[in-house]
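What follows draws every value from the coordinates through simple rules; no lab data is involved. Just so it is clear, the model here is predicted, and its values are computed rather than measured. Ideal geometry is used to build each Cβ from the backbone, glycine not excepted, and the neighbour counts take in all protein chains shown.
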Amino acid sequence: MLQYSPNLKGKARQLRKNLTDSESTLWSRLRSKQIMGIQFYRQKPVGNYIVDFFAPKANLVVEIDGSQHMQADYLKRDKNRDEYLVGLDLKVLRFKSNEVLKATDAIVEVIYRTVIEQMNLEIPPAPPLSKGGLKRRKV
């Protein structure tokens with residue numbers, strides 16, 4: 001279990017109540033173990049940080065960055081944060097907020113593949129077309 005600063009608990013709770021549109025969109029696809037049965041948590045304290053989404057079983061952190069994250073001081077803070085999280089053996093995925101809103105399926109696919117990679121799983125085969133296989137039509 002990862003340790004966290006207890007004074008972040010209230011702030012994390014507040015952030016969970018006030019998700020951005022992109023966080024809410026992605027959360028609707030991560031919640032309830034929709035990806036490979038893996039539990040994701042939103043606005044989860046880890047160390048001295050609050051990460052947007054965290055899947056402890058897959059050692060995966062997903063961050064959604066708004067436009068302010070392109071500013072120099074945010075880039076430096078994000079770099080330090082990522083180094084800290086990677087030091088805890090966590091994989092960090094970062095997506096831009098507008099990417100999440102415009103290409104949700106593609107973002108979920110990246111997360112899905114990363115979960116599989118992190119857990120050393122094989123991609124499950126596609127389900128069969130039908131119970132009896134392909135049926136031929138009589139001509």
Find the relative contact order for the range 6-118 and round it to a whole percent, using C-alpha pairs within less than 8 Å whose residues are 6+ positions apart. 25 percent
Report Rg/Rh for the range 6-118, rounded to two decimals, where Rg is the Cα radius of gyration and Rh the Kirkwood radius. 0.93
In which sequence would F95, F54 go, from the one with the fewest C-beta neighbours within 10 Å to the one with the most? F95, F54
Derived scalar couplings ³J(HN,Hα) [the range 32-49; Karplus, 6.51 cos²θ - 1.76 cosθ + 1.60; whole Hz; x for Gly, Pro]: 6, 6, 6, 9, 6, x, 8, 7, 10, 10, 10, 6, 9, x, 9, x, 9, 10
Residues with amide H under 5 Å from that of D65, placed H, sequence gap 5 or more: F95, K96, S97
